[in-house]
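Asks: One structure is given below, represented as structure tokens, and several questions about it will come after.
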Amino acid sequence: ELRQSLTRRLRGNARQQRKWFSRFRATWRARLGRLRLQHVVPQEEMRQKAVAFWKWCNYTVACAADVGKEAVFVNMDETSVGYPHSLVGTVMADRSHTCVEHATLSQRRARISLLASISSDARLQSHLPQLILASEKQLTKKVLASLEPLPPNVVILRQKSAWNSAQGMCVYIGMLRDAFAGHIGDRTLVLLVDTARQHVHPDILHQAQVCQIKLQFVPALMTMHLQPLDLVVFSVLKRSFQELWRETLEDSCSANMERLLRVLLAAIGRVLCASTWAAAFQRAGVTDRQRFVCQVLLQKLGFTPPLQLPLELPRLDEAAAIFPRNIKLDVRAYLYWDGEDKVLAANVTKRLPALSSPEGLVSHNCEGP
């Protein structure tokens with residue numbers, strides 16, 4: 001019946017049909033595109049992952065406060081950046097000239113990696129290192145020299161592959177330590193990353209311990225809900241990158257690596273360095289005891305605000321849910337950062353009122369679905 005109704009209304013030429021479909025999408029808030037594919041995570045598993053992650057965050061903040069320090073979270077994640085071809089919009093050009101962008105097949109396929117960083121402390125955001133990884137074949141030494149001088153907090157590395165690795169993570173942690181050498185003061189630095197394989201490696205754990213930077217992980221399959229960069233920042237960064245690329249079309253219609261990096265550097269300066277992202281950490285529940293967590297996420301998890309969790313370190317079985325099932329690691333090595341953590345946890349538990357429920361997961365204010 002619906003098909004017959006649409007057939008009767010879609011009489012006319014192609015232009016009339018496109019205009020009708022445009023009005024139809026605007027009326028019903030529809031979009032033209034492909035249906036997104038997403039991994040389905042059961043609600044109970046999502047609750048377990050989120051509770052373990054939030055308890056870990058609360059514990060980290062409490063332990064830092066117990067020794068008179070402030071826990072500062074730094075969220076780092078990779079994003080792939082390529083030439084933004086197929087820009088959609090009204091193209092204004094003379095009839096005598098064909099408006100096109102020039103790019104070879106290898107340029108269209110080329111990708112670089114940006115290791116973006118944001119901080120829960122707005123005062124430290126401009127000091128965070130932003131690391132760009134490019135392959136030696138794509139980025140020549142001549143092009144790299146033409147980009148100098150780079151912003152003081154941006155580093156571009158030429159290596160065999162443009163993808164991040166455990167070695168690249170060790171380099172980043174060293175850069176993070178050097179960047180905060182004169183600014184850390186009475187703060188405890190906590191590096192928040194996801195559970196990708198290049199982030200979970202014994203060499204990275206050792207490097208973080210040497211640099212006195214605590215590692216904390218966003219649960220697997222939950223980065224879209226609990227990682228500040230994925231939750232807020234990357235969409236703003238990619239949109240700004242495309243806008244800046246569109247603005248440079250007036251100067252050059254050639255897609256080359258130098259133009260790509262200059263536009264990316266401008267987007268980094270506009271979004272990552274000139275903005276504050278404390279609200280992104282609050283929305284993900286990393287800071288402020290989950291008081292500002294997105295209401296949609298709480299409903300999806302089956303929680304009723306206000307959310308109150310026991311101020312304790314998650315148990316080993318709870319913390320194991322944070323990591324992927326197919327990865328073998330010593331959860332205790334990541335959970336108990338050093339021997340003093342157990343002592344601090346005992347002191348924090350003694351001084352604060354008991355908030356845990358009989359099940360040891362959430363308080364009586366957190367109702368199930």
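The values are calculated or read from the model by the stated rules, or taken from the named source; none is laboratory data. These numbers come from a predicted model, not from an experiment. Glycine also receives a Cβ, built like all others from the backbone with ideal geometry; neighbour counts cover every protein chain displayed. The area values use the complete protein model at the heavy-atom level, side chains included, leaving out ligands, DNA and RNA. Shrake-Rupley method; radii C 1.70, N 1.55, O 1.52, S 1.80 Å.
Asks: Filter segment 294-318 down to residues that are outside any loop (DSSP other than H, G, I, E, B) and of a type outside the set (D, E, K, R) and give me whichever is nearest to His225 (Cα to Cα).
Replies: Top of the filtered list is Leu297.
Asks: Tell me yes or no: at least one residue of segment 51-72 is among the β-branched types (Val, Ile, Thr), closer than 17 Å to Phe217 by Cβ, touching a Ser or Thr at 6+ places or on another chain (Cβ under 8 Å) and assigned to a helix (DSSP H, G or I).
Replies: Checked segment 51-72: at least one residue is among the β-branched types (Val, Ile, Thr), closer than 17 Å to Phe217 by Cβ, touching a Ser or Thr at 6+ places or on another chain (Cβ under 8 Å) and assigned to a helix (DSSP H, G or I).
Asks: Here's a check for you: in segment 110-124, which residue that is touching a strand residue (DSSP E or B) at 6+ places or on another chain (Cβ under 8 Å) and not in a strand (DSSP E or B) is surrounded by the most Cβ atoms within 10 Å (Cβ to Cβ)?
Replies: Within segment 110-124, the match that is surrounded by the most Cβ atoms within 10 Å (Cβ to Cβ) is Ser120.
Asks: Among residues belonging to segment 255-312 that are buried (at least 18 other Cβ atoms within 10 Å of the Cβ) and of a type in the set (Val, Ile, Thr), point out the one that is farthest from Ala122 (Cα to Cα).
Replies: By that ranking, first place goes to Val263.
Asks: Another question, then. Any idea which of Ala220, Ala208 is of a type in the set (Gly, Ala, Ser), in a helix (DSSP H, G or I) and either in contact (Cβ under 8 Å) with a residue 12 or more places away in the chain or over 22 Å from Trp54 (Cβ atoms) (or both)?
Replies: Result: Ala208 is the single residue among Ala220, Ala208 that is of a type in the set (Gly, Ala, Ser), in a helix (DSSP H, G or I) and either in contact (Cβ under 8 Å) with a residue 12 or more places away in the chain or over 22 Å from Trp54 (Cβ atoms) (or both).
Per-residue answers, yes or no, for (1) in contact with a helix residue (DSSP H, G or I) (Cβ under 8 Å, 6 or more places away or on another chain); (2) open to solvent by less than 80 Å² (accessible area, probe 1.4 Å):
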residue	(1), (2)
Ala14	no, yes
Gln17	no, yes
Trp28	no, no
Leu37	no, no
Gln43	yes, yes
Asn58	yes, yes
Ala64	no, yes
Val72	yes, yes
Met76	yes, yes
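Asks: Please go through segment 157-182 and pick out each residue that is open to solvent by 10 Å² or more (accessible area, probe 1.4 Å) and in contact with a His (Cβ under 8 Å, 6 or more places away or on another chain).
Replies: Scanning segment 157-182 gives Ala166, Ala179.
Asks: Going by what's in this entry, would Ile156 be described as among the β-branched types (Val, Ile, Thr) and in a loop (DSSP other than H, G, I, E, B)?
Replies: It is false that Ile156 is among the β-branched types (Val, Ile, Thr) and in a loop (DSSP other than H, G, I, E, B).
Asks: Next question. Scan segment 223-258 for residues that are among the hydroxyl-bearing types (Ser, Thr, Tyr) and in a loop (DSSP other than H, G, I, E, B) and jot them down.
Replies: Ser252
Asks: Under the condition of being assigned to a helix (DSSP H, G or I) and open to solvent by 30 Å² or more (accessible area, probe 1.4 Å), which residue from segment 319-332 is farthest from Pro202 (Cα to Cα)?
Replies: By that ranking, first place goes to Ala320.
Asks: Mind listing whichever residues of segment 125-139 are open to solvent by less than 60 Å² (accessible area, probe 1.4 Å), free of Cβ contacts under 8 Å to residues at least 60 places away in the same chain and either in a helix (DSSP H, G or I) or touching a helix residue (DSSP H, G or I) at 6+ places or on another chain (Cβ under 9 Å) (or both)?
Replies: If the condition is that a residue be open to solvent by less than 60 Å² (accessible area, probe 1.4 Å), free of Cβ contacts under 8 Å to residues at least 60 places away in the same chain and either in a helix (DSSP H, G or I) or touching a helix residue (DSSP H, G or I) at 6+ places or on another chain (Cβ under 9 Å) (or both), then Pro129, Leu131, Leu133 are the ones that fit.
Asks: Asn347 - would you say it is in a helix (DSSP H, G or I), more than 17 Å from Trp54 (Cα to Cα) and at pLDDT below 90?
Replies: yes
Asks: Do we find that Asp186 is in contact with a Cys (Cβ under 8 Å, 6 or more places away or on another chain), surrounded by fewer than 19 Cβ atoms within 10 Å (Cβ to Cβ) and over 30 Å from Arg259 (Cα atoms) in this structure?
Replies: No: the conditions fail for Asp186.
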